[in-house]
Each structure stands twice: as structure tokens, then as C-alpha cells.
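J.: Sharing a structure, written as C-alpha cells. Questions coming.
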Amino acid sequence: MVHVLSSRVLLRPSDPERSRAFYGTALGLAIYREFGTGPERGTVYFLGGGFLEVSGRATAPATTTLQLWLQVADAAAAHQELLAHGVAVLRPPVKEPWGLVEMWIADPDGHRIVLTEVPADHPLRYRP
């Protein structure tokens with residue numbers, strides 16, 4: 001059995017500076033650590049219970065099979081903040097049939113990101 005102690009998603013952007021501006025400034029993710037020097041240096045961001053590492057440089061277009069799922073406290077507030085930072089919103093917040101509020105954005109390379117709000121009355125919040 002593999003005993004996982006920590007995890008992170010590794011992302012290789014086509015333009016590291018642009019991606020660091022997106023994740024660090026537009027999304028406002030806090031930095032866990034940085035390493036290396038120069039434009040392709042690595043930056044690791046906190047993602048709630050995990051981490052997102054943006055490092056190196058992509059040599060191929062973004063894959064459609066990678067998507068990030070980020071839970072937020074208030075999708076409507078996140079929507080307004082992201083619009084204020086110039087982030088292109090692919091789909092504004094919508095309450096889905098399964099009860100979650102979801103909004104879709106993309107990073108500068110086109111990786112899709114869903115921002116999800118779990119409403120107070122959703123079964124995921126039920127505690128017997």
C-alpha cells in the first residue's frame with residue numbers, strides 16, 4: 001500500500017511569468033515555496049489541502065484531460081474578484097442539479113479550472 005504524506009499537481013506553463021501572475025495575482029493563491037532562479041524558476045502555491053507547482057516550460061499545448069477543482073466559500077464573490085482581475089470566465093456561477101454552485105475559468109494556457117461552492121444546505125455539509 002502506498003502511504004501518501006503530501007501531494008501536488010505539477011503544471012508546466014508555456015509562459016511561466018504569465019502563469020505566475022495568473023495563479024499568484026489574479027487567483028490570489030498564497031505561495032508555499034519557491035525554488036530555482038530565472039524565468040523558469042518554480043513556485044508552489046497552496047491549494048487548500050494540496051499544492052500546485054508551476055515550474056519549467058511546456059513544449060506542447062495544454063491537455064484537455066487536466067482540470068483543476070477548487071472549492072471556494074462564495075462563488076459569486078470569486079466571480080466578481082476574477083472579473084476585476086481580468087480573468088476570462090468561461091461560465092459564470094450556476095447552481096448545478098447536484099446542488100453545487102460551479103463556475104468555470106481557464107488559466108493562460110487553457111487549463112480548465114472549476115471553482116465550486118458547497119452551499120450550507122448541501123448534503124456534503126451534513127453532519128449527523
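J.: Please enumerate the residues belonging to the stretch 2-48 that are open to solvent by less than 40 Å² (accessible area, probe 1.4 Å) and among the polar types (S, T, N, Q).
T.: SER19, THR43
J.: Check the stretch 69-80 and report whether any residue there is under 20 Å from PRO13 (Cα atoms) and modelled with pLDDT under 95.
T.: Start the filter on the stretch 69-80 by keeping residues that are under 20 Å from PRO13 (Cα atoms), which leaves 69-70.
Among the residues that remain, those that are also modelled with pLDDT under 95 are: 69-70.
The answer is yes, given that some residue of the stretch 69-80 is under 20 Å from PRO13 (Cα atoms) and modelled with pLDDT under 95.
J.: Considering (1) open to solvent by 100 Å² or more (accessible area, probe 1.4 Å); (2) over 16 Å from PRO108 (Cα atoms); (3) touching a helix residue (DSSP H, G or I) at 6+ places or on another chain (Cβ under 9 Å), say which one ARG57 fails and leave the rest.
T.: It is condition (2) that ARG57 fails.
J.: So which residues in the stretch 99-128 are in a strand (DSSP E or B), open to solvent by 20 Å² or more (accessible area, probe 1.4 Å) and free of Cβ contacts under 8 Å to residues at least 24 places away in the same chain?
T.: TRP104, ALA106
J.: When GLU96 is evaluated against the numbered criteria (1) surrounded by 14 or more Cβ atoms within 10 Å (Cβ to Cβ); (2) in contact with a strand residue (DSSP E or B) (Cβ under 6 Å, 6 or more places away or on another chain), which criterion, by number, is the only one it fails?
T.: (1)
J.: Any residue that is closer than 19 Å to SER7 by Cβ, part of a loop (DSSP other than H, G, I, E, B) and free of Cβ contacts under 8 Å to residues at least 24 places away in the same chain - is there at least one of those in the stretch 45-53?
T.: Within the stretch 45-53 (the criterion being closer than 19 Å to SER7 by Cβ, part of a loop (DSSP other than H, G, I, E, B) and free of Cβ contacts under 8 Å to residues at least 24 places away in the same chain), the answer is yes, since at least one residue qualifies.
J.: All but one of (1) assigned to a helix (DSSP H, G or I); (2) among the aliphatic types (A, V, I, L, M); (3) free of Cβ contacts under 8 Å to residues at least 24 places away in the same chain; (4) under 27 Å from SER6 (Cβ atoms) hold for ALA78; state the number of the condition that does not hold.
T.: The single condition ALA78 does not satisfy is (3).
J.: So is GLY86 in a loop (DSSP other than H, G, I, E, B), open to solvent by 40 Å² or more (accessible area, probe 1.4 Å) and either touching a His at 6+ places or on another chain (Cβ under 9 Å) or small (Gly, Ala, Ser) (or both) or not? Let's see the steps before the verdict.
T.: On the way: in a loop (DSSP other than H, G, I, E, B): yes; open to solvent by 40 Å² or more (accessible area, probe 1.4 Å): yes; either touching a His at 6+ places or on another chain (Cβ under 9 Å) or small (Gly, Ala, Ser) (or both): yes.
Considered against the rule, which asks whether it is in a loop (DSSP other than H, G, I, E, B), open to solvent by 40 Å² or more (accessible area, probe 1.4 Å) and either touching a His at 6+ places or on another chain (Cβ under 9 Å) or small (Gly, Ala, Ser) (or both), GLY86 comes out as yes.
The values are calculated or read from the model by the stated rules, or taken from the named source; none is laboratory data. The shown structure was predicted, so the numbers you read here are calculated from the model rather than taken from an experiment. When we count neighbours, we look across all protein chains shown, and the Cβ atoms used for this are built from the backbone with ideal geometry, even at glycine. Just so you know, the surface numbers come from the protein's heavy atoms only, side chains and all, with ligands and any DNA or RNA stripped out. Shrake-Rupley method; radii C 1.70, N 1.55, O 1.52, S 1.80 Å.
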